[in-house]
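The values are calculated or read from the model by the stated rules, or taken from the named source; none is laboratory data. This is a predicted model, so every value here is computed, not measured. Reconstructed Cβ throughout: ideal geometry from the backbone, glycine too, with neighbour counts over all protein chains shown.
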Amino acid sequence: TVTTNKTDHGGDVRLSGISKTYGSFTAVHPLDLTVPHGSFFALLGASGCGKTTTLRMIAGLEEPSSGSVFLGDQEVTSLPPYKRPVNTVFQSYALFPHLDIFENVAFGLRRRGIKSVKKQVEEMLDLVQLGEQSRKKPHQLSGGQQQRVAVARALINTPRVLLLDEPLGALDLKLRRQMQLELKRIQTEVGITFIHVTHDQEEAMTMADTVAVMNAGRVEQLGSPTDLYENPHTTFVANFLGTSNLIEAEVDTKTGDDIVLKAGGGKLVLPEARCSAPTTTGGKVLVGVRPEKISLTHADDAGEIPEGRNRITGKIASGSFIGVSTQYVIDSAVCPEFEVYVQNVDRDTRLVPGADVVLHWSPAHTFGLDAAQS
Ligand code: ATP
């Protein structure tokens, strides 16, 4: 759960069984989702997975085919967008080109007939660090600055929820990274719920407290960035967030809280709590481990590897030095058509292509996926 010490701005966003179909095509399957009040929530997934449709149903820009949308205790399913306490920031910014920055931000207040807007607009411009730019026109600002104007213009309406639809999509990589931190800072400062749509896993991981990974119209897994990274439940999540090594294995026995699996000629150990596959004997499991959790040892030194580590043998296929780490590709009999990437090893001149090696890692850094489901 996500906690916040901010004042209550109206509670959680709750989606209850909402779905969206276009003719015979289902863009979003019935979805139950709670976005805790005050959290930074990301909907993450590849193009076409239904994340924008989900966001648009929260905004009221798209009518759900079934289900209900609640903001706090209020059901808003049939309210038009402008009656919902929600604002959306789009990738295109949609600023008014003929108005200066001050007037762009003041727009929502003026429309509501508020006369003295100066103090509020200045506060908002300070929040997004554009106090100095208030008399410029949008075309005189950089992409990142324009994006911040769009955020200020939405926030001045004091929405309970800010929806962000790929807001950084038009920016170059460096600016994107800066704006990710900037948006995170703004969200922490104002304390309202941000729901952010992105296809960029790093972006979601950097910014969000909670990430919903979507695939083909469904949420595959919901969790904190570390949770999703360290304990993915499906091959899709394991591969979408970073690199995973997946080894085909079969359940052999259980010892205490661990499962022992057969893989090739050897065995691997996995905490049962970290296995999302059935753990009956003979069951097929994909055993996963993240590249940076693996240690690489020359076969001559294998005697020094501590007991209780998962280990597989192989040969180095290639190695590339990438500054802080070296990335190795290993050919292993345990997974013949499989390559293992290993990072963060000390430089050892014997670790050259063709060398016999042992890969080893802690069972605690191992996860198990359902092979039947992938
Ligand atoms: P992207 O990042 O490309 O916007 P997305 O995950 O946000 O992808 P959606 O825009 O939610 O995906 O679309 C989900 C699916 O619904 C897509 O396959 C899309 O083609 C389809 N879709 C969206 N709007 C319509 C529509 N008005 N009519 C028919 N199909 C639609």
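In the set S65, S92, S47, only one residue is within 19 Å of L183 (Cβ to Cβ), touching a residue at least 40 places away in the same chain (Cβ under 8 Å) and not basic (K, R); that residue is S92. Restricted to segment 1-107, the set of strands (runs of 3 or more DSSP E) holding at least 1 residues that are away from the ligand (no atom under 15 Å from the Cβ) and acidic (D, E) comprises 25-35. Cβ-Cβ distances below 8 Å connect the following pairs, each with a first residue in segment 135-146 that is at negative phi, a second residue that is small (G, A, S) and surrounded by 15 or more Cβ atoms within 10 Å (Cβ to Cβ), and a separation of six or more residues or different chains: G143/A170. Determine whether Q178 is within 16 Å of the ligand (Cβ to nearest atom), surrounded by fewer than 23 Cβ atoms within 10 Å (Cβ to Cβ), assigned by TED's automatic domain parsing to the domain that holds A152 and modelled with pLDDT under 95. Here the answer is no, as Q178 does not meet what is asked.
Just to be sure, is I330 assigned by TED's automatic domain parsing to the domain that holds P363, assigned to a strand (DSSP E or B), more than 14 Å from A364 (Cα to Cα) and hydrophobic (A, V, I, L, M, F, W, C)? It is true that I330 is assigned by TED's automatic domain parsing to the domain that holds P363, assigned to a strand (DSSP E or B), more than 14 Å from A364 (Cα to Cα) and hydrophobic (A, V, I, L, M, F, W, C).
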